[in-house]
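J.: What follows is a single structure, and I will ask about it in a moment.
The values are calculated or read from the model by the stated rules, or taken from the named source; none is laboratory data. Just so we're clear, the structure is a prediction, and the values are computed from it rather than from any experiment. All Cβ positions, glycine included, derive from the backbone under ideal geometry; neighbour counts span all protein chains shown.
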Amino acid sequence: MRVESLELANFRNYAALRFEPPEGACILVGRNAQGKSNVLEALALLALGKSFRAVRESDLIRLDAPAASVTARVRTRAGSATAGCVITRAGEGARKRFLRDGRSVSYGNFLGGIMAVTFVPADLALVTGPASLRRRLLNAALSQIDRGYYRDLAAYAKVLAQKNAFLKSPDAGDRALLATYNAQVVDIGARLVSARMAYVRRLAHDARVAHARWVNGAGELEVTYAPSPFQDAETTDAVSACLAGALEQLAPAEAARRVSLVGPHRDDLALSLGGRPLARYGSQGQQRTAVLAIKAAEYALAHAAAGEAPLLLLDDVLSELDEERRTAFLSSIAGFEQAFITATHVSDVALGMPHRVIRVSAGRLVDAPAHAISA
């Protein structure tokens, strides 16, 4: 998979940009706050449908502009196609419109057109950070691979919001209505859990293999899915029965606390090294090596699912790693067709593979090749 051209209009600090990226590794170099990460953020937006860092989507729009747009022409094994996203200010927020070959499409149908694996500084907190980070990794990966998963995820979020509002309302004692909400939680939640279980089983295997290759057997990395409620059955029927039983058992507690206490929204990944919890006993180096192995596994699974190499977006993370870990990680994902890597100095990357360096300053590509034009 390769981006043939990228166009930005009023996106972040870019008034306008047309960029024809090279094949292989494209290293965007420059001081902080010049616009390096904004290029990766735009590409991620066209793959994931959302920013990997924005708190408010209106922040994606250049100051004082009414709207922003991101468009890319991408070559895949099925041929060339264009993908676009238009972000328009709407009151205090913003709304997005997605396009495929110039025609508006729903977010659910937009996902999967471009496959990308991102690695950003926040990912280095996967081990010690909140469970929401690890759920986000699963949701982003599975939503690109399987549009049905995204539809279930969106439906589950809607039902969960309705149930939580019900639990806080004067009607919270209506057992028939509660049963209706719980039935939907069970139905949709079981499909989410089953999909996550199958994915984590493959992720755990690939991460374990990569990790073992890097550390020469110094402690086995274990990645285990920890659903809520905990159970290890993978079939949808078994998951449904377990979830239904937990909801019935915890109904008094949910009524008292007025919030949903069980379901996929409380799932987690358990990470251990040599049988010991990695967050508690692992050194910072061990934790980072585990994260690298997980991201390498995510890339391998996306590659297998798409039947071609996804885009690789590395946002200022290689400089956070020592040379040994940097080299090990890059060697594990060396099959990429195109990668975008940001750094403040070229020496922070030190790729042992073909690459092009493009310098970024104040929203302009100033030392770029002749085929990259910014304005």
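J.: Ala304 fails exactly one of the following numbered conditions: (1) surrounded by 15 or more Cβ atoms within 10 Å (Cβ to Cβ); (2) under 30 Å from Arg77 (Cβ atoms). What is the number of that condition?
T.: Going through (1) surrounded by 15 or more Cβ atoms within 10 Å (Cβ to Cβ); (2) under 30 Å from Arg77 (Cβ atoms) one by one, Ala304 breaks only (1).
J.: Still on this structure, please answer the following. Report every pair of residues separated by at least 6 positions or lying on different chains whose Cβ atoms are under 9 Å apart, first residue within the range 51-70 and more than 25 Å from Ser5 (Cβ to Cβ), second hydrophobic (A, V, I, L, M, F, W, C) and surrounded by fewer than 18 Cβ atoms within 10 Å (Cβ to Cβ).
T.: That search, which allows pairs on different chains as well, returns Ser58/Ala90.
J.: OK, next. Among the listed residues Ala279, Ala198, Ala204, Ala255, identify the single one that is under 23 Å from Lys163 (Cα atoms) and assigned to a helix (DSSP H, G or I).
T.: Result of the check over Ala279, Ala198, Ala204, Ala255: Ala255.
J.: Give the residue, chosen from Arg97, Arg135, Arg147, that is surrounded by fewer than 20 Cβ atoms within 10 Å (Cβ to Cβ), among the basic types (Lys, Arg) and modelled with pLDDT under 95.
T.: Just one listed residue meets the conditions, Arg147.
J.: Among the residues of the range 130-139, is any within 18 Å of Gly189 (Cβ to Cβ) and small (Gly, Ala, Ser)?
T.: For the range 130-139, residues within 18 Å of Gly189 (Cβ to Cβ) and small (Gly, Ala, Ser): present.
J.: I would also like to ask the following. Of everything in the range 57-85 that's out of contact with any strand residue (DSSP E or B) (no Cβ under 7 Å at 6 or more places or on another chain), among the charged types (D, E, K, R) and under 22 Å from Gly363 (Cα atoms), which residue is surrounded by the fewest Cβ atoms within 10 Å (Cβ to Cβ)?
T.: Per the stated criteria, the residue is Asp64.
J.: Shifting gears a bit: Of the residues Asp268, Asp322, which single one is of a type in the set (D, E, K, R), out of contact with any Leu (no Cβ under 8 Å at 6 or more places or on another chain) and at pLDDT 90 or above?
T.: Residue meeting the stated conditions: Asp268.
J.: In addition: Looking at (1) among the aliphatic types (A, V, I, L, M); (2) in contact (Cβ under 8 Å) with a residue 60 or more places away in the chain; (3) surrounded by fewer than 20 Cβ atoms within 10 Å (Cβ to Cβ); (4) in the same structural domain as Ile61 (by TED's automatic domain parsing), which one does Ala90 not meet, given that it meets all the others?
T.: (2)
J.: List the pairs whose first member sits in the range 103-115 and is under 13 Å from Ala306 (Cα atoms), whose second member is among the aromatic types (Phe, Trp, Tyr) and not in a loop (DSSP other than H, G, I, E, B), and whose Cβ atoms are under 6 Å apart, counting only residues at least 6 apart or on separate chains?
T.: Pairs found: Leu111/Tyr150.
J.: Kindly establish whether Arg53 is closer than 25 Å to Ser319 by Cα, modelled with pLDDT of 95 or more, under 22 Å from the mean Cα position of the chain (by Cα) and charged (D, E, K, R).
T.: no
J.: Another question, if that's okay. Are there any pairs with C-beta distances below 9 angstrom linking a residue in the range 241-254 that is farther than 14 Å from Phe230 by Cα to a residue that is in a helix (DSSP H, G or I) and hydrophobic (A, V, I, L, M, F, W, C), with the two at least 6 apart or on different chains, and if so which?
T.: Ala251/Leu178; Glu254/Leu167; Glu254/Leu178; Glu254/Leu247
J.: Determine if the range 322-335 includes at least one residue that is surrounded by 17 or more Cβ atoms within 10 Å (Cβ to Cβ) and without any contact (Cβ under 8 Å) to a residue 24 or more places away in the chain.
T.: Yes, the conditions are met somewhere in the range 322-335.
J.: Within the range 267-274, does at least one residue satisfy the condition of being touching a residue at least 12 places away in the same chain (Cβ under 8 Å), part of a helix (DSSP H, G or I) and not acidic (Asp, Glu)?
T.: No, the range 267-274 has no match at all.
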